[in-house]
Amino acid sequence: FTGGRIVAFLATAGCAILIYFILRREGTRKSFSVLAALLFICMPYVREWGVMANVDMAGTFLDLAAFTAWWYYAASDQRSQKLFVGGMILSTAAFFTKSSMIAAPAAFFCFLVCQKQFKKAFLLFFFQAAAAGFIYGLLNWATQGAYFFHTAYEISRRSFFYTFIFRFWGSTLIQAPLLAAGGIFALWIGARPGRSGRQLFFSLYILFVLF
């Protein structure tokens, strides 16, 4: 498991570095940016999963990297098409690393709609869906149906196991009010008059991460 642990550790460090650069780009003091990155590493879930051989932190890193690319795209007044395309590539990689990592594309789609960039929102949705569908179909064909069996069928069955219901869904329901309050507060912060588009995008991303 050494290789998997190294990948998870590097992904965790990568997330912290991205957080630092995002905050620095927004004009946050260096000391506060470092503190925010360290607080991420100190989170209980991150400390537990950040050194285990699993796909969670790798998927989180790729999803955050996609958000970072699109966030810089918004900061460039939506002129850099390389960042737009790069974000789509990273978000597709995040989805195939862990299928629940869709916070960045969902937030970016909503951001584009809120900015009345309907054409770009449609292009984002179309190309992301087309890429995911094509790669999924190709992998399923190459494995003679085994990819669908292990990524969809088996996971859907395990979701209703007795222990999974009480350990995962029970914990999720307990935390739901706090997560909902945090998401609504983040959206309120970003949607207030006078806020920049980047701040709205950031708030939408936090909202989707929490949910």
statement: Pairing a residue in the stretch 39-61 that is assigned to a helix (DSSP H, G or I) with any residue that is open to solvent by 70 Å² or more (accessible area, probe 1.4 Å), where Cβ atoms lie under 7 Å and the two sit 6 or more apart in sequence or on different chains, gives ASP56/TRP49; MET57/TRP49; ALA58/VAL7
- line: Residue pairs qualifying under the 7 Å Cβ cut-off, at least six apart or on distinct chains, with the first in the stretch 89-115 being without any contact (Cβ under 8 Å) to a residue 24 or more places away in the chain and the second being open to solvent by less than 40 Å² (accessible area, probe 1.4 Å), are PHE109/ALA121; PHE109/LEU124; LEU112/ALA121; LEU112/LEU124; VAL113/ALA121
message: Scan the stretch 116-128 and tell me whether some residue there is touching a Leu at 6+ places or on another chain (Cβ under 8 Å), over 14 Å from PHE208 (Cβ atoms) and not aliphatic (A, V, I, L, M).
response: yes
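Conditions tested, residue by residue: (1) more than 21 Å from LEU207 (Cα to Cα); (2) open to solvent by 50 Å² or more (accessible area, probe 1.4 Å); (3) among the basic types (Lys, Arg).
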residue	(1), (2), (3)
LEU112	no, no, no
LYS116	no, yes, yes
LYS119	yes, yes, yes
PHE126	yes, yes, no
ALA132	yes, no, no
LEU139	yes, yes, no
GLN144	yes, yes, no
PHE148	yes, yes, no
statement: Of the residues in the stretch 1-37, those that are closer than 16 Å to THR60 by Cα, open to solvent by less than 30 Å² (accessible area, probe 1.4 Å) and in contact with a Leu (Cβ under 6 Å, 6 or more places away or on another chain) come to CYS15
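Within the stretch 62-79, identify whether any single residue is among the hydroxyl-bearing types (Ser, Thr, Tyr), within 19 Å of the chain's Cα centre (by Cα) and exposed (fewer than 15 other Cβ atoms within 10 Å of the Cβ), and answer yes or no.
As a first pass, look at the stretch 62-79 and keep what is among the hydroxyl-bearing types (Ser, Thr, Tyr): 68, 72-73, 76.
Imposing the further condition that a residue be within 19 Å of the chain's Cα centre (by Cα) reduces the set to 68, 72-73.
Pick out the ones that are also exposed (fewer than 15 other Cβ atoms within 10 Å of the Cβ) and you get none.
Scanning the stretch 62-79 turns up no residue that is among the hydroxyl-bearing types (Ser, Thr, Tyr), within 19 Å of the chain's Cα centre (by Cα) and exposed (fewer than 15 other Cβ atoms within 10 Å of the Cβ).
The values are calculated or read from the model by the stated rules, or taken from the named source; none is laboratory data. Note that the structure is predicted; figures quoted are calculated from it, not measured. Using ideal geometry, Cβ is built from the backbone for each residue, glycine included, and neighbour counts are taken over all protein chains shown. Each accessible area value is taken on the protein alone, full model and side chains, heavy atoms only, with ligands, DNA and RNA left out. Shrake-Rupley method; radii C 1.70, N 1.55, O 1.52, S 1.80 Å.
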